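Everything on this sheet refers to the single structure shown next.
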Amino acid sequence: LAPLKPEEWDASLAEVLADLKNPLSIHNVVARNPVLMANYVDFRNHIVKSSSLSGRQRELIILRVAHNTACAYEWDHHVVRGRDAGLQDHEIARVRHGGDAEGWTTEESLLLKAVDNMIAGTEIARPNWVAMCGVFVDNQLLDIIFTIGTYMIMSTILKTAQVPHEDGFKVKNPV
């Protein structure tokens with residue numbers, strides 16, 4: 001499943017392509033299935049543009065999924081996006097140590113543990129879920145689950161199809 005070039009995308013995806021502006025390699029792979037891509041982009045836009053989670057919360061989740069799935073593509077891209085969302089390099093590095101590492105807020109610890117739970121057992125462990133219900137509202141709880149699940153899927157596609165980084169992509173000061 002090699003990435004398409006944007007000019008190879010199905011004509012039905014013109015609006016999607018315009019919305020993305022400069023599609024990443026992962027988008028160029030998903031575009032091989034125009035119906036899937038057309039539906040995925042709205043879902044993706046919710047997660048990255050209108051989710052009830054803060055950018056910081058979203059990026060902590062995605063970085064933890066990338067770490068747990070050993071997905072270098074997602075890790076590298078979200079180091080950059082995590083920095084843009086206000087994460088410091090020492091916090092990004094700490095993501096690798098999980099929710100029990102010293103320095104996380106209660107909410108951040110719960111988010112990182114939720115990722116670990118879902119990857120290990122496809123559900124959030126009851127004690128963690130109960131604690132999350134005391135901290136997050138319903139919209140956030142659903143956005144947490146959907147963000148984790150989406151990035152688990154994306155990591156699977158990226159690794160299975162061996163999707164390459166974009167030409168010229170390089171993380172400055174890798175974490």
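The values are calculated or read from the model by the stated rules, or taken from the named source; none is laboratory data. Model, not experiment: these values are computed from the prediction. Neighbour counts are summed over all protein chains in view; Cβ atoms, including those assigned to glycine, are modelled from backbone coordinates with ideal geometry. Ligands, DNA and RNA are excluded from the accessible area calculation, which covers all protein heavy atoms including side chains. Shrake-Rupley method; radii C 1.70, N 1.55, O 1.52, S 1.80 Å.
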Hits in the stretch 126-175 - residues which are open to solvent by 80 Å² or more (accessible area, probe 1.4 Å) and of a type in the set (Gly, Ala, Ser): Gly168
Residues that are within 24 Å of Lys170 (Cβ to Cβ), out of contact with any His (no Cβ under 8 Å at 6 or more places or on another chain) and of a type in the set (Gly, Ala, Ser), drawn from the stretch 1-30: Ala2
Residue within the stretch 13-22 that is under 13 Å from the mean Cα position of the chain (by Cα) and of a type in the set (Gly, Ala, Ser) present: no
Failed condition for Ser52, given (1) polar (S, T, N, Q); (2) within 30 Å of Glu91 (Cβ to Cβ); (3) out of contact with any Phe, Trp or Tyr (no Cβ under 9 Å at 6 or more places or on another chain); (4) open to solvent by 40 Å² or more (accessible area, probe 1.4 Å): (3)
Glu59 being in contact with a helix residue (DSSP H, G or I) (Cβ under 9 Å, 6 or more places away or on another chain) and part of a helix (DSSP H, G or I): yes
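Listed here are the residues, each with its yes/no results for (1) among the polar types (S, T, N, Q); (2) closer than 24 Å to Glu107 by Cβ; (3) under 12 Å from the mean Cα position of the chain (by Cα).
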| position | (1), (2), (3) |
| --- | --- |
| His27 | no, no, no |
| Ala31 | no, no, no |
| Ile47 | no, yes, yes |
| Leu53 | no, yes, no |
| Ile62 | no, yes, yes |
| His67 | no, yes, yes |
Residue list for the stretch 7-22, filter: at pLDDT 95 or above and under 19 Å from Pro164 (Cβ atoms): Glu7, Glu8, Trp9
Single residue of the stretch 71-107 satisfying the filter (in contact with an Asp or Glu (Cβ under 7 Å, 6 or more places away or on another chain) and in a helix (DSSP H, G or I)) that is surrounded by the fewest Cβ atoms within 10 Å (Cβ to Cβ): Arg81
